[in-house]
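Student: So that we are looking at the same thing, I have put the structure below in structure tokens.
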């Protein structure tokens with residue numbers, strides 16, 4: 001939405017006090033700034049500025065040393081030993097220690113924390129058992145050998161473990177602050193962080209203001225003094241603000257204005273490959289949708305090429321698998337067997353499937369599509385509703401803001417079909433396929449439960465040989481594409497609006513752009 005009263009005048013990089021301020025559009029308001037309770041990229045963009053994990057990210061999205069300056073791995077791949085920086089400090093001047101990471105990793109797995117994304121760290125020894133209340137947090141496979149040496153033991157060799165630690169769930173919290181203020185540790189007046197910036201203000205639906213952390217170990221090389229994050233769910237309004245000079249960047253753009261942006265903005269409008277899948281979740285345990293034939297019919301009748309080319313202006317690619325092609329530790333994904341069928345033939349097959357499932361002109365399937373606020377998502381939903389009409393499906397649409405939308409899905413609210421997207425946290429198929437494991441309460445929006453699928457994922461997790469592991473994951477994806485708890489629609493491309501005044505912004509596959517590496521000129 002257009003933010004009333006925010007940035008009414010064109011922005012300048014400096015004020016009378018020579019402050020360098022980065023005005024940064026962020027596609028939605030954060031639901032929380034507690035790194036152990038977050039799950040979206042909207043929050044990750046802010047949290048990566050506020051905190052530094054054991055590893056961090058370079059300007060081009062590569063994993064680099066963070067709070068740990070180095071690490072070693074045992075020959076069997078099961079034990080990681082991290083050496084923390086001697087000059088690592090929190091924003092209140094306290095030293096960053098190995099004990100901070102022990103506390104933080106235990107906190108996210110403690111059931112009482114209620115972390116929706118705790119399972120991303122299940123490779124750590126005993127993490128799943130701790131998270132399920134079967135073991136005490138002290139039995140988690142993390143320990144401080146001394147103030148500056150952290151040891152993490154794993155359940156099995158995990159090829160993507162270092163990349164995983166860059167995720168927001170691996171970011172540390174300041175123990176004394178959490179113990180003193182509880183959930184209020186995220187309030188600006190209580191906030192203590194160890195990243196390049198710390199929190200100054202959080203006004204919901206208006207802005208998040210961060211300021212440079214003078215105690216950050218690389219503070220001398222952080223050029224920006226303050227970052228203003230603005231929620232920009234209304235992409236059209238964000239574009240107008242960008243053109244008016246009120247935003248130095250925005251991490252999305254209105255697809256209905258692709259041609260205009262390409263013509264008028266030139267290289268200020270950036271499109272780059274992105275490791276992610278745009279999909280529709282289907283409530284697979286619902287009576288009218290529990291038959292896989294119904295879900296297959298809905299999927300077959302969607303013209304993905306039209307969505308990618310016409311609705312999204314070629315900023316997306318038609319997607320026929322849940323795992324995007326080109327991902328690491330994998331071969332070709334499990335594409336849908338109707339990928340190369342003529343669209344009219346697919347519609348005929350879809351109608352036949354619905355008839356087999358008991359639906360007809362006299363008894364039509366009625367579907368409600370939920371989507372979060374965005375003209376892009378609205379246009380996609382309207383197009384899909386039109387594609388379902390020829391197979392006899394009656395569609396209604398329901399729109400809510402992003403926070404409400406994802407909270408509804410995570411909390412198992414009632415729905416039929418819901419728009420969602422998944423951006424890879426690391427380049428490995430497990431990071432996509434784990435979402436519909438039976439016990440993944442945070443992301444299994446479909447309530448899909450398949451013991452055969454779970455068994456394949458367990459086998460993959462326990463397999464060291466990468467080729468054998470890839471085989472198990474491929475078999476799991478084949479089951480996924482047979483049952484379709486989620487309907488893959490498109491593979492993402494990232495869209496960013498970037499002012500020529502903003503320096504240091506580099507396109508990358510993860511679409512990660514830490515403010516630490518940027519500066520504003522002019």
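Student: To the nearest 0.05, what FRET efficiency results for residue 397 and residue 272 with a Förster distance of 35 Å applied to their C-beta separation?
Tutor: Approximately 0.70, to the nearest 0.05.
Student: Moving on to the next point. Can you give the FRET efficiency for residue 190 and residue 332, using 1/(1 + (r/R0)^6), R0 = 51 Å, r = Cβ-Cβ distance, to the nearest 0.05?
Tutor: 0.55
Student: For a Förster distance of 25 Å, can you work out the FRET efficiency between the beta-carbons of residue 73 and residue 134, rounded to the nearest 0.05?
Tutor: 0.35
Student: In addition: With the crude spin-label approximation of a point 7 Å out along Cα→Cβ, what separation in nm comes out for residue 344 versus residue 176?
Tutor: Label-label distance for residue 344 and residue 176, simple model: 7.4 nm.
Student: Right, here's the next one. Counting only the backbone N, which residues of region 193-226 are under 20 Å from the spot 7 Å out from the Cα of residue 147 toward its beta-carbon?
Tutor: 193-195, 215-218
Student: Same structure, new question: What percentages make up the Cα-Cα pair-distance distribution of region 428-522 when the bins are 10 Å wide from 0?
Tutor: 13, 33, 22, 18, 12, 2
Student: Using only the Cα atoms of region 289-431, build the gyration tensor, take square roots of its eigenvalues as a ≥ b ≥ c, and label the shape rounded, prolate or oblate: rounded if a/c is under 1.5, else prolate if a/b is larger than b/c, else oblate.
Tutor: Oblate shape, in that a/c is at least 1.5 and b/c is the bigger or equal ratio.
Student: Counting each DSSP H run of 4 or more residues in the chain as -39500 (n - 2.57), what helix-only mean residue ellipticity at 222 nm follows after dividing by all residues, to the nearest 500 deg cm²/dmol?
Tutor: Rounded to the nearest 500, it is -7500 deg cm²/dmol.
Student: Here's a follow-up. Mind ordering 228-235, 90-97 by average Cβ neighbours within 10 Å, highest first?
Tutor: Ranked by mean Cβ neighbours within 10 Å, highest first: 228-235, 90-97.
Student: Can you compute the equivalent ellipsoid semi-axes for the chain, i.e. the square root of 5 times each eigenvalue of the Cα gyration tensor, sorted largest first and rounded to whole Å?
Tutor: Three semi-axes, in Å: 37, 30, 19.
Student: For region 25-157, list log₁₀ I(q)/I(0) at each q in 0.10, 0.12, 0.14, 0.22 Å⁻¹, using the Debye formula over Cα point scatterers of equal strength and ignoring solvent, two decimals each.
Tutor: Log-scaled intensity ratios, in q order: -0.35, -0.50, -0.70, -1.48.
Student: Now a separate question. Can I get the semi-axes of region 90-248's equivalent ellipsoid? Compute them from the C-alpha gyration tensor as square roots of 5 times the eigenvalues, in angstrom, largest first.
Tutor: After diagonalising the Cα gyration tensor, the semi-axes are 32, 19, 16 Å.
Student: Follow-up question, since we're still on this one. Run the numbers on region 273-494 and let me know its relative contact order in percent, using alpha-carbon pairs under 8 Å that are six or more apart.
Tutor: 39 percent
Student: In nm, to one decimal, how far is the residue 363 label point from the residue 64 one, both placed 7 Å along Cα→Cβ?
Tutor: According to this spin-label approximation, the distance is 6.2 nm.
No lab work stands behind these numbers, since they all come straight from the coordinates. Bear in mind that the values here come from a model prediction, so they are computed numbers and not experimental data. Please note: Cβ atoms are built from the backbone with ideal geometry, for glycine as well, and neighbour counts cover all protein chains shown.
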